[in-house]
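The values are calculated or read from the model by the stated rules, or taken from the named source; none is laboratory data. In this text the structure is predicted, and so the values were computed from the model without any measurement. Ideal geometry is used to build each Cβ from the backbone, glycine not excepted, and the neighbour counts take in all protein chains shown.
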Amino acid sequence: MALVIPCVDIQAGRAVRLYEGDPDRETVYFDSPLEAALHWERLGAEMLHLVDLDAATGRGENKELIRQIARSVSVPVEVGGGVRDSEAARTLLEAGVARVVVGTAAVKDPELVRHLIARHGASQVVVSVDARGGEVAVSGWAEGSGVQVATILAALEGAGLQTLIFTDVSRDGTLRGLDRQLMAEVRALWPHELIVGGGVRDTQDVQLLDELGIEGAIVGRAIYEGTLPFPVQP
């Protein structure tokens, strides 16, 4: 069964979820991101996905909170948001994070991905490709990049990337369910480990991942609001 990875989005020191990635349209689920992380670990999460939304949007950062979470849970933690250079990646990995998630920087500079993999190994470097209508979105999803999904995936494979996170921005935080056609297209484009996000609603979406051979999904609102019971039963 596809791995369901709980997401803890951190904004202004709280665990939130955004609607379509808009930082001004948030729902606060936990005042403490650490408590959110411990909550999902207690329920059986095998990995946690943290996003520093303030770092992603340039509004600040939550490095100390992330360090605290990484040292307080026993499951691997991956972290994205504001990882734009080798120094940011190194800082997170030294703080106990299992793998760093590079977003905008990977689109603007695929050579950074090659450099990070050479320094830290492919198992510690993940790239998150966030797209809206076939175009890659950057800068906290606020801007279009002019780059098509197929183009960036080919470049990332050439850089040695092994794990891709693909997010359908138009569905993220909406509980609309996965776009079957889009998920199938991305699966066909990416031959390595694929984790998807954006719109997962219920067990039917998890079944779709299994049908398409997609290894996992990052899930937020659906497990926070209970439309997808967690842990997911096979």
Taking the range 92-109 and the residues there that are in contact with a helix residue (DSSP H, G or I) (Cβ under 6 Å, 6 or more places away or on another chain) and part of a loop (DSSP other than H, G, I, E, B), the one that is farthest from residue 82 (Cα to Cα) would be 96
Failed item in (1) surrounded by fewer than 20 Cβ atoms within 10 Å (Cβ to Cβ); (2) at pLDDT 95 or above; (3) of a type outside the set (Val, Ile, Thr), with residue 164 passing the rest: (1)
When every residue in the range 204-234 that is in a loop (DSSP other than H, G, I, E, B) and small (Gly, Ala, Ser) is compared, the one surrounded by the most Cβ atoms within 10 Å (Cβ to Cβ) is 220
Flag for residue 73 being at pLDDT 95 or above, surrounded by fewer than 21 Cβ atoms within 10 Å (Cβ to Cβ) and touching a helix residue (DSSP H, G or I) at 6+ places or on another chain (Cβ under 7 Å): yes
Six or more apart or on different chains, Cβ atoms under 8 Å: show the pairs whose first residue is in the range 20-33 and part of a strand (DSSP E or B) and whose second is at pLDDT 80 or above and exposed (fewer than 15 other Cβ atoms within 10 Å of the Cβ). 23/59
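Mind checking whether some residue in the range 15-28 is more than 15 Å from residue 167 (Cβ to Cβ), at pLDDT 95 or above and not small (Gly, Ala, Ser)? Lay out the reasoning, then the answer.
If we filter the range 15-28 for residues that are more than 15 Å from residue 167 (Cβ to Cβ), which is where we start, we get 15-16, 23-28.
Restricting the remaining residues to those that are at pLDDT 95 or above gives none.
Within the range 15-28, not a single residue is more than 15 Å from residue 167 (Cβ to Cβ), at pLDDT 95 or above and not small (Gly, Ala, Ser).
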Residue 140 - would you say it is modelled with pLDDT under 95 and in contact with a Pro (Cβ under 9 Å, 6 or more places away or on another chain)? yes
Could you say which residue among 187, 201 is charged (D, E, K, R) and assigned to a loop (DSSP other than H, G, I, E, B)? 201
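Determine if the range 147-168 includes at least one residue that is touching a Gly at 6+ places or on another chain (Cβ under 8 Å) and of a type in the set (S, T, N, Q). Even if it seems obvious, please write down each step before you answer.
Within the range 147-168, the subset touching a Gly at 6+ places or on another chain (Cβ under 8 Å) is 148-149, 165-168.
If we keep only those that are of a type in the set (S, T, N, Q) too, we end up with 148, 167.
Yes, because at least one residue in the range 147-168 is touching a Gly at 6+ places or on another chain (Cβ under 8 Å) and of a type in the set (S, T, N, Q).
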Single residue of the range 27-52 satisfying the filter (of a type in the set (D, E, K, R) and either surrounded by fewer than 18 Cβ atoms within 10 Å (Cβ to Cβ) or on the phi > 0 side of the Ramachandran plot (or both)) that is nearest to the chain's Cα centre (by Cα): 46
